[in-house]
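A.B. asks: Dumping the structure here so I can ask a few things about it.
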Amino acid sequence: FELPIVAPSILAANFARLGQDIDDAVKGGASWIHCDIMDGHFVPNISYGPGVVKAAKSSAPQAFIDVHLMIENPDDYVEAFVQAGADLISVHFETCPHLHRTLQNIKKYGIMTGVVVNPATSLHNIEPVLNDVDLVLIMSVNPGFGGQSFIESSYDKLKRLAEIREEQELGFLIQVDGGVNLKNAKKVAESGADILVAGSSVFSAEDITARFEELTEILG
Ligand code: DX5
Ligand code: ZN
């Protein structure tokens, strides 16, 4: 991938015309599609499951399908999301008592693995698995809803993670999720994010294609 990139989160799309919304983002240059899976247990909201991921994949067959699991017992659902077309599955540190095992379980399907930390979770918790993941996702809002404000302390967390990556000579991608918009995208990328998830700032725009292009240009 040519980094940094913007990964549109379809949580903020209009589900009644999901295919058109995805098309519009792809026309603007989107190469990743971020899928937010919420179970009403780990997070206080329910979003959608593998069926919608499969629909997203079929409407954008060239796109990289990025699945962010905000669910309890993620191991039980890995296979279903792989079958739905996931190219990457990311799991929360907070949901995985046997994190290393869960990551191996994802890896055995030959797709990319990611680990996610909530805003109040320290990076120390994931240091033992940094060698086992392709991506680390820093939540810049408390997961559960689109349209929240970016938590300012996330800038330092991104910088610290980029330092750790350099110190330990590791190759994982750094992703950030929540509250990314036209105003903060540049600073977010400069703090170390390679992949910026953007939901409402992309899909609530009048012109999704133009907004996606605008967000990407800011990073240029
Ligand atoms: C939050 C989700 C995000 C969300 C981002 O729980 O993980 O991916 O859709 O939405 P915005 O960009 O609107 O904050
Ligand atoms: Zn997400």
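A.B. asks: Can you tell me which residues in segment 183-219 are touching a residue at least 12 places away in the same chain (Cβ under 8 Å), among the charged types (D, E, K, R) and part of a helix (DSSP H, G or I)?
C.D. replies: Passing the criteria: 186, 187, 211, 213, 214.
A.B. asks: Any residue at all in segment 26-38 that's in contact (Cβ under 8 Å) with a residue 24 or more places away in the chain, more than 16 Å from residue 177 (Cα to Cα), more than 16 Å from ligand 1 (Cβ to nearest atom) and not in a helix (DSSP H, G or I)?
C.D. replies: The answer is yes, given that some residue of segment 26-38 is in contact (Cβ under 8 Å) with a residue 24 or more places away in the chain, more than 16 Å from residue 177 (Cα to Cα), more than 16 Å from ligand 1 (Cβ to nearest atom) and not in a helix (DSSP H, G or I).
A.B. asks: Mind checking whether some residue in segment 39-61 is within 16 Å of ligand 1 (Cβ to nearest atom), farther than 21 Å from residue 181 by Cα and in contact with a Phe, Trp or Tyr (Cβ under 7 Å, 6 or more places away or on another chain)?
C.D. replies: Applying the first criterion (within 16 Å of ligand 1 (Cβ to nearest atom)) to segment 39-61 yields 39-49, 52-53, 56.
Filter again for farther than 21 Å from residue 181 by Cα, leaving 39-49, 52-53, 56.
Now drop any that are not in contact with a Phe, Trp or Tyr (Cβ under 7 Å, 6 or more places away or on another chain), which leaves 45, 53.
Looking through segment 39-61, at least one residue is within 16 Å of ligand 1 (Cβ to nearest atom), farther than 21 Å from residue 181 by Cα and in contact with a Phe, Trp or Tyr (Cβ under 7 Å, 6 or more places away or on another chain).
A.B. asks: Same structure, new question: Give segment 1-25 a look and list any residue that's away from ligand 1 (no atom under 13 Å from the Cβ), touching a Phe, Trp or Tyr at 6+ places or on another chain (Cβ under 9 Å) and not in a helix (DSSP H, G or I), or say none.
C.D. replies: Result: 1, 5, 14.
A.B. asks: Now a separate question. What number of residues within segment 190-204 satisfy the criterion of being surrounded by fewer than 20 Cβ atoms within 10 Å (Cβ to Cβ) and either of a type outside the set (D, E, K, R) or near ligand 1 (Cβ under 8 Å from one of its atoms) (or both)?
C.D. replies: 2
A.B. asks: Working carefully through the options 133, 91, 180, 116, find the one that is without any contact (Cβ under 8 Å) to a residue 40 or more places away in the chain, within 14 Å of ligand 1 (Cβ to nearest atom) and either buried (at least 22 other Cβ atoms within 10 Å of the Cβ) or among the hydroxyl-bearing types (Ser, Thr, Tyr) (or both).
C.D. replies: Of the residues listed, the single one that is without any contact (Cβ under 8 Å) to a residue 40 or more places away in the chain, within 14 Å of ligand 1 (Cβ to nearest atom) and either buried (at least 22 other Cβ atoms within 10 Å of the Cβ) or among the hydroxyl-bearing types (Ser, Thr, Tyr) (or both) is 91.
A.B. asks: Sort out which residues of segment 87-109 are charged (D, E, K, R) and under 16 Å from residue 73 (Cβ atoms), and write them in order of number.
C.D. replies: Narrowing segment 87-109 to residues charged (D, E, K, R): 87, 94, 101, 107-108.
The answer is 94, 101.
A.B. asks: May I ask you to verify whether residue 79 is more than 30 Å from residue 206 (Cα to Cα), among the charged types (D, E, K, R) and within 16 Å of ligand 1 (Cβ to nearest atom)?
C.D. replies: Values: more than 30 Å from residue 206 (Cα to Cα): yes; among the charged types (D, E, K, R): yes; within 16 Å of ligand 1 (Cβ to nearest atom): no.
Criteria not met by residue 79.
Just so you know, all these numbers are worked out from the coordinates, no wet-lab data involved. Not measured: the values here are computed from a predicted model. Glycine gets a Cβ as well: all are built from the backbone with ideal geometry, and neighbour counts include every protein chain shown.
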